[in-house]
2 protein chains.
Amino acid sequence: MTQKETIGFIGLGIMGYPMAENLLKAGNAVTVYNRTRSKAESLAADGASIAPIVADVARAASVIFICVGGTADVEQIAEELLLAIRPGALIVDTTTISPTASRRLAARFSKCGAQFLDAPCTGSKAGATNATLTFMVGGEKAAFDRARPYLEAMGKKIFHTGGQGTGLQVKLTQNLIGALTCQAMAEGFVLARKAGISPSLVLEVLQNSVARNPMIDGKLPLVITRNFAPHFSLKWMHKDLGLMLESANELQVPLPATALVRELFGAGIAMGHGEEDFASAIRVIESMAGVEVRED
Amino acid sequence: MTQKETIGFIGLGIMGYPMAENLLKAGNAVTVYNRTRSKAESLAADGASIAPIVADVARAASVIFICVGGTADVEQIAEELLLAIRPGALIVDTTTISPTASRRLAARFSKCGAQFLDAPCTGSKAGATNATLTFMVGGEKAAFDRARPYLEAMGKKIFHTGGQGTGLQVKLTQNLIGALTCQAMAEGFVLARKAGISPSLVLEVLQNSVARNPMIDGKLPLVITRNFAPHFSLKWMHKDLGLMLESANELQVPLPATALVRELFGAGIAMGHGEEDFASAIRVIESMAGVEVRED
């Protein structure tokens, strides 16, 4: 007999809010916590219980999701959860943080008799809203199986990638490839633009070649119209590039192109574009070349 | 009244041979020249006329295709064509060469009353065989319209990209993005492998994300099975990266990631992998990290 779990959700931001909403829609009892309480109150109208402090989530829930900003935020929340965590509880961290820090947290929760999974996701705001996220989950298989029905309420593809921290490793690989592809787009299109060729023509040709990719399909049209509204901000991608390099350094894997792209994205932040979508990294090359990738 | 053109084809390599074959199949009279005569003789069985020297192609043909190795090869052939070129002839160079050198050749042919197009293509051997190549054509619209029916006998998508040299600029942009995406794949997958994660699992996750691209779909399975048989060799991609940087330098467009990737691909050549597919660039990162991207 499977006893129904009580769910906790910490962090109701751009991603977390619709994710918690989907857990509620699936008929779960969900206790939510958010630093800014008004967002939690808005979810209460959909049936969520509000926890005034993080430790109250630990008291109320047997399966607790975390969806916050970065490593330091998750570490802070973990401290508060550990004050009141129930033995046998399962913590599922969907934040993209350092794999090393994540493994350390897993060990700490384990000492208290709790399970921990790193479960970063991809699909951005639209995927969170439509419950079509892809989750990459690291940790013990039994914990994964326990979390799975709830992940399925929020996502479409749920992968068990292996032991503790491996979900994060796969997520970092994905973002590494996304960031470097974005830089490739930046260098290629700035070069073509300065050679006097229409960016939308170059895009059309590329869409008939093996150089086609969803990054270019999705982002280049926004670049041409100079729409840098954030789907995933340059600041966050820069953070993730740092996590990749930290992980690579620990594993002794030199990543020359990743290191360079991190610096170039950092230049974009220094130019004041950190809050924009990371496609705005193209501004760094544009600025050096004295040209903008837009139609005449 | 359109008079039927007589076609010339110079260079019967991996790409050129099936391209010339498709021109013959479309019912054209084709005079071919190849440095190694035996390949030309094999095409003669399909109805091609053999020119013993390049100048004989110039004497026989009104529309002449070139498909050879690089800038120096095209320049050499152009010298020999100019000895006997017919006024009103059209030269269509499908080789990926320096845009600057291409513009220079166009100017020389123009002085002799001949037209010139840069018409590099993409689609590799399979596209050349199945007549599904994509052509990117720079030069005058009238010359493009004249070449079009013959390009359509060899390809599926034919783009007029603008003035002289622009076909090459677009091709270089495409290869730049291909090369940098390949480097992204290399760094991402070596990192994940050293973190102990199965490459085919990472591939499956990526195929459910915006980091998906045809480069990874096509090349990573070959990397895992250590099959580096050349579809497009590391040596040629390294050459094209050099052309990109040359063009970027002339246009004053700094390309930091492209420059780095050129050096890393050069390292792969120095390690003895120049004749392999350019996916073998992953060996550079593998060698530094002391791990290979293959299943256990």
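The values are calculated or read from the model by the stated rules, or taken from the named source; none is laboratory data. Here the structure is a predicted model, which means the values were calculated and not measured. In this analysis, Cβ positions are derived from the backbone assuming ideal geometry, glycine residues included, and neighbour counts consider all displayed protein chains.
When you check B:PHE135 against the structure, is it within 14 Å of chain A (Cβ to nearest Cβ) and hydrophobic (A, V, I, L, M, F, W, C), yes or no?
On the way: within 14 Å of chain A (Cβ to nearest Cβ): yes; hydrophobic (A, V, I, L, M, F, W, C): yes.
In short, yes.
Condition check ((1) assigned by TED's automatic domain parsing to the domain that holds B:PRO120; (2) modelled with pLDDT under 95; (3) farther than 26 Å from B:TRP236 by Cβ) across all residues:
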{"position": "B:LEU12", "(1), (2), (3)": "yes, no, no"}
{"position": "B:MET15", "(1), (2), (3)": "yes, yes, no"}
{"position": "B:ALA20", "(1), (2), (3)": "yes, no, no"}
{"position": "B:LYS25", "(1), (2), (3)": "yes, no, yes"}
{"position": "B:VAL30", "(1), (2), (3)": "yes, no, no"}
{"position": "B:SER42", "(1), (2), (3)": "yes, yes, no"}
{"position": "B:SER49", "(1), (2), (3)": "yes, no, yes"}
Do we find that B:GLU80 is among the acidic types (Asp, Glu), surrounded by fewer than 23 Cβ atoms within 10 Å (Cβ to Cβ), more than 22 Å from the chain's Cα centre (by Cα) and modelled with pLDDT of 95 or more in this structure?
yes
So for segment B:88-110 (the condition being in contact with a strand residue (DSSP E or B) (Cβ under 8 Å, 6 or more places away or on another chain) and free of Cβ contacts under 8 Å to residues at least 12 places away in the same chain), does at least one residue qualify?
yes
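Being in contact (Cβ under 8 Å) with a residue 40 or more places away in the chain and either β-branched (Val, Ile, Thr) or crowded, with 21+ Cβ neighbours inside 10 Å (or both) is the filter here; which residues of segment B:49-64 pass it? Before the answer, list the steps.
Looking only at segment B:49-64, we keep the residues that are in contact (Cβ under 8 Å) with a residue 40 or more places away in the chain, and these are B:51, B:54, B:57-58, B:60-64.
Listed by number, the residues that qualify are B:ALA51, B:VAL54, B:VAL57, B:ALA58, B:ALA61, B:VAL63, B:ILE64.
Here are some residues: A:LEU245, A:LEU201, A:LEU222. Which one is farther than 26 Å from A:THR173 by Cβ and surrounded by fewer than 22 Cβ atoms within 10 Å (Cβ to Cβ)? Explain how you work it out, then say what you get.
Numbers: A:LEU245 fails: farther than 26 Å from A:THR173 by Cβ; A:LEU222 fails: farther than 26 Å from A:THR173 by Cβ.
Residue meeting the stated conditions: A:LEU201.
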Condition test on B:GLY268, is it farther than 21 Å from B:THR95 by Cα, buried (at least 19 other Cβ atoms within 10 Å of the Cβ), of a type in the set (Gly, Ala, Ser) and away from every other protein chain (no Cβ under 11 Å)?
yes
Determine whether segment B:154-162 contains at least one residue that is in contact with a Pro (Cβ under 8 Å, 6 or more places away or on another chain) and of a type in the set (D, E, K, R).
no
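Here is a yes/no grid of residues against (1) over 28 Å from A:ALA192 (Cβ atoms); (2) at pLDDT below 95:
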| position | (1), (2) |
| --- | --- |
| A:ASP217 | no, yes |
| A:ILE224 | no, no |
| A:ASN227 | no, no |
| A:PRO230 | no, yes |
| A:HIS238 | no, no |
| A:GLU246 | yes, no |
| A:PRO254 | yes, no |
Taking into account only those residues within segment A:91-105 that are surrounded by fewer than 24 Cβ atoms within 10 Å (Cβ to Cβ) and of a type outside the set (S, T, N, Q), which is farthest from A:GLU140 (Cα to Cα)?
A:ALA101
Looking at segment A:145-158, is at least one residue closer than 25 Å to A:GLU250 by Cβ and within 14 Å of chain B (Cβ to nearest Cβ)?
no
Tell me, please, whether a residue that is assigned to a helix (DSSP H, G or I), at the interface with chain B (Cβ under 7 Å from one of its Cβ atoms), closer than 22 Å to B:ARG262 by Cα and touching a residue at least 60 places away in the same chain (Cβ under 8 Å) can be found in segment A:233-246.
no
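Do the conditions hold for A:THR129, that is, is it under 16 Å from A:THR161 (Cβ atoms), away from chain B (no Cβ under 14 Å), in contact (Cβ under 8 Å) with a residue 24 or more places away in the chain and in contact with a Pro (Cβ under 7 Å, 6 or more places away or on another chain)? Quick ask: steps written out before the conclusion?
On the way: under 16 Å from A:THR161 (Cβ atoms): no; away from chain B (no Cβ under 14 Å): yes; in contact (Cβ under 8 Å) with a residue 24 or more places away in the chain: yes; in contact with a Pro (Cβ under 7 Å, 6 or more places away or on another chain): yes.
Against the criterion (under 16 Å from A:THR161 (Cβ atoms), away from chain B (no Cβ under 14 Å), in contact (Cβ under 8 Å) with a residue 24 or more places away in the chain and in contact with a Pro (Cβ under 7 Å, 6 or more places away or on another chain)), A:THR129 does not qualify.
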Quick check on my filter: what residues within segment B:233-268 are more than 18 Å from B:MET185 (Cα to Cα), within 20 Å of the chain's Cα centre (by Cα) and not aromatic (Phe, Trp, Tyr)?
B:LYS235, B:LYS239, B:ASP240, B:GLY242, B:LEU243, B:MET244, B:LEU245, B:GLU246, B:SER247, B:ALA248
Report, by residue number, each residue of segment A:247-256 that is part of a loop (DSSP other than H, G, I, E, B) and in contact (Cβ under 8 Å) with a residue 60 or more places away in the chain.
A:LEU255
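Considering each of A:CYS67, A:CYS112 in turn, give the residue that is surrounded by fewer than 19 Cβ atoms within 10 Å (Cβ to Cβ) and of a type in the set (A, V, I, L, M, F, W, C). Can you show your working first?
On the way: A:CYS67 fails: surrounded by fewer than 19 Cβ atoms within 10 Å (Cβ to Cβ).
On inspection, the qualifying residue turns out to be A:CYS112.
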Restricting the first residue to segment A:170-197 and requiring it to be at the interface with another protein chain (Cβ under 7 Å from one of its Cβ atoms), which pairs with a second residue that is surrounded by 24 or more Cβ atoms within 10 Å (Cβ to Cβ) and of a type in the set (Lys, Arg) meet a Cβ separation below 9 Å and a spacing of at least six or different chains?
A:MET185/A:LYS219
Hey, could you check segment B:172-197 for residues that are in contact with a strand residue (DSSP E or B) (Cβ under 8 Å, 6 or more places away or on another chain) and farther than 12 Å from A:LEU172 by Cβ and say which is surrounded by the most Cβ atoms within 10 Å (Cβ to Cβ)?
B:GLN174
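So in segment A:199-216, with the set limited to residues that are assigned to a helix (DSSP H, G or I) and closer than 15 Å to A:ILE177 by Cα, which one is farthest from the chain's Cα centre (by Cα)? Quick ask: steps written out before the conclusion?
Of the residues in segment A:199-216, the ones assigned to a helix (DSSP H, G or I) are A:199-206, A:214-216.
From the residues that got through so far, the ones that are closer than 15 Å to A:ILE177 by Cα too are A:214-216.
Numbers: A:PRO214: 17, A:MET215: 16, A:ILE216: 20 Å.
Filtering segment A:199-216 for residues that are assigned to a helix (DSSP H, G or I) and closer than 15 Å to A:ILE177 by Cα, the one farthest from the chain's Cα centre (by Cα) comes out as A:ILE216.
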Can you tell me which of A:ALA248, A:ALA259 is in contact with a Pro (Cβ under 9 Å, 6 or more places away or on another chain) and more than 29 Å from B:ALA119 (Cβ to Cβ)?
A:ALA248
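With B:ALA259, B:ALA279, B:ALA270 as the choices, which residue is in the same structural domain as B:PHE189 (by TED's automatic domain parsing), closer than 25 Å to B:ILE97 by Cβ, in contact (Cβ under 8 Å) with a residue 60 or more places away in the chain and among the small types (Gly, Ala, Ser)?
Exactly one of B:ALA259, B:ALA279, B:ALA270 is in the same structural domain as B:PHE189 (by TED's automatic domain parsing), closer than 25 Å to B:ILE97 by Cβ, in contact (Cβ under 8 Å) with a residue 60 or more places away in the chain and among the small types (Gly, Ala, Ser), namely B:ALA279.
Quick grid of which residues meet (1) part of a helix (DSSP H, G or I); (2) touching a helix residue (DSSP H, G or I) at 6+ places or on another chain (Cβ under 9 Å); (3) of a type in the set (Ser, Thr, Tyr):
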site: B:VAL68; (1), (2), (3): no, yes, no
site: B:ASP73; (1), (2), (3): yes, no, no
site: B:LEU81; (1), (2), (3): yes, yes, no
site: B:ILE85; (1), (2), (3): no, yes, no
site: B:ILE91; (1), (2), (3): no, yes, no
site: B:THR96; (1), (2), (3): no, yes, yes
site: B:SER102; (1), (2), (3): yes, yes, yes
Filter result for the condition that a residue is closer than 23 Å to B:THR132 by Cβ and within 18 Å of the chain's Cα centre (by Cα), over B:LEU24, B:LEU43, B:LEU12
B:LEU12
If B:VAL202 satisfies all but one of (1) within 30 Å of A:GLY163 (Cβ to Cβ); (2) touching a residue at least 60 places away in the same chain (Cβ under 8 Å), what's the number of the condition it fails?
(2)
